[in-house]
1. Could you tell me the calculated FRET efficiency between Phe198 and His13, based on Cβ-Cβ distance and R0 = 22 angstrom, to the nearest 0.05?
2. Work from the charge dipole of the chain (Cβ charges, +1 for Lys and Arg, -1 for Asp and Glu, about the Cα centre) and give the residue of Gly406, Thr329, Thr425 farthest towards its positive end.
3. For region 136-235, which GluC sites (Glu not before Pro) are both in a DSSP coil and crowded by at most 16 other Cβ atoms within 10 Å?
4. Loop sites only, by DSSP: take the trypsin sites (Lys or Arg not before Pro) in the chain that have at most 15 other C-beta atoms within 10 Å and name the longest stretch containing none of them.
5. Give the residue from Gln319, Gly273, Ser306 lying farthest towards the positive end of the charge dipole for region 253-324; charges sit on Cβ (+1 for Lys and Arg, -1 for Asp and Glu) and the dipole is referred to the Cα centre.
6. Relative contact order for region 144-234: what percent, with Cα pairs under 8 Å and sequence separation of 6 or more?
7. How large is log10 of I(q)/I(0) for the chain at q = 0.06, 0.11, 0.12 Å⁻¹ when the intensity is taken from the Debye formula with one equal scatterer per alpha-carbon?
8. Ignoring everything except DSSP H segments at least 4 long, calculate the 222 nm mean residue ellipticity for the chain; use -39,500 (n - 2.57) per segment, divide by total residues, nearest 500.
Amino acid sequence: MANEYDVAAMQPHFPGYPVFWAVVKPLYVVLGSFSTAFSVVGGLATAGIIAALLFLWKKPLVSTEGAIVAAIVAFNPLIWLMGNRYMPDLLGTACAMAAFALLLRSLTSDDGVNRGLALFGVILTGWLAGLRLSYLPLLSIPVLVVLWRLFAARQMATLGRIILAGVVSVAVWLIPMIIDTGWSELVQVASAQTTGHFTEFGGTVQTESDMGRRIVRFVRGVWADGLGAWWPGRHPLTLAVSAGALGLGALGLRQLLRENVWHRTDVWVGAAGMLAYAVWVFFFQNVIHKSRHILPLLPMVLWLTSMGATVLWNAARQQRLSRAAVSLTLIAYAAVSLVLVWQHRSPTAIAQVKAFVEREEATGRPLRVISDPLVNTYLDAQDIDARYISVVDTAAVRRAMTADSGASIVVGTYPGLVDQPESRTRTFYHNPFVNRMWSDITVRMYESHRRSHDATQHANDE
């Protein structure tokens, strides 16, 4: 995307993330490095999440609360990993949290709505639509409540200005995208991608309807991927993180109950926004295979644990023991994150598959790759000279398996696809808590020339 931006050619796919491109492209031009530009954006996004939480909590960075929030957010495994991915998710989370904090704080005004905070909150909401469109449900209720309060108070001039600001904040990225892509092409791409998301490849409830599986994967996304806590198959150190997360979260919740915040409008509106996003993600996003969709929920969970850690740190009784407990929890939490970040430096399973196929390509013989269309597209984009066949095209697969020469490589496990023994089998892995996508991939190779040679030898013997 930083190299060539073309929504019509699915670079990137709709909705195109034009605001993200507008941030990354100048950094890429100045720094001259694709990975460095994305890492800088990831660092800025992490800082933005910290600032948004502190603004919402009304706490300075230079304080016990500020230091704990900064540490818990900065060492969060999912936030750190997403800060180094070539994706707009983390910057989108930062923008969503900033707008969320501004809109909620605007509702605490004695006049009903703080106009300045509401204005900037709506502007960020408009930008978020061009940065990470799927995060908008988080802000839907806060924005509607702000607009309704202004309408109910008959503050029509302010209401008009805020609506106009929201329209302009969308127009500044939408109009250039329409001009660049073309109106008819943009509508066509948007329609195809939206239909595909909900009915084909999006992992929504329509394509993955097992509710039990969705619940387990959603919980795993927040608990294990989001907090770095224990899950079957994980290192025992994650048990310490689990205990700390449960204990600190409970303390944070108790502190909220003690402060008697439940009568406040901003608390209820914020909770409703979080619930709306959770429902949206659970039913209409790919929570089965991609935990990154829970990112906008994560900062508020971290805020709750930060509140609990602050209470424990400031405990008057047994202060040394309390601070030791907080410190040990943070050390275990950081250790889990650092291990995952280190493992993130190693090639993923699909990258290892790419290297394997490249080595086979280097032999110079005809090569056929049989796999899922998404895998085929990825390998083809790496300029690997091969004939790519989709597993859904069974006739083409049969023809490939009866070819006179070359090799056929089946990437992935598809029972019943091929009914003959393979010449080689390799399985490639990476830690699924680093990246959920294709964490283990089996590759099977079938040598056509061997079968031809065997058949010829058998005929000669007869």
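1. On the way: r = 14 Å, r/R0 = 0.64.
In this case the efficiency is close to 0.95.
2. Farthest along the dipole direction, towards plus: Thr329.
3. Loop-located and lightly packed - Glu208.
4. Numbers: sites that count: Lys58, Arg85, Arg154, Arg264, Arg317, Arg345.
Counting only loop sites that pass the neighbour cut-off, the longest clear stretch is 346-462.
5. In region 253-324, that residue is Gln319.
6. Values: 22 pairs, mean separation 7.5, N = 91.
Reported relative contact order: 8 percent.
7. Taken in order of the listed q values, log10 I(q)/I(0) reads -0.33, -0.99, -1.14.
8. Details: 18 runs with 282 residues, N = 462.
Helix contribution divided over all residues of the chain: -20000 deg cm²/dmol.
Coordinate-derived values only; no laboratory data. As the structure is a prediction and not an experimental result, all values here were calculated from the model. All Cβ positions, glycine included, derive from the backbone under ideal geometry; neighbour counts span all protein chains shown.
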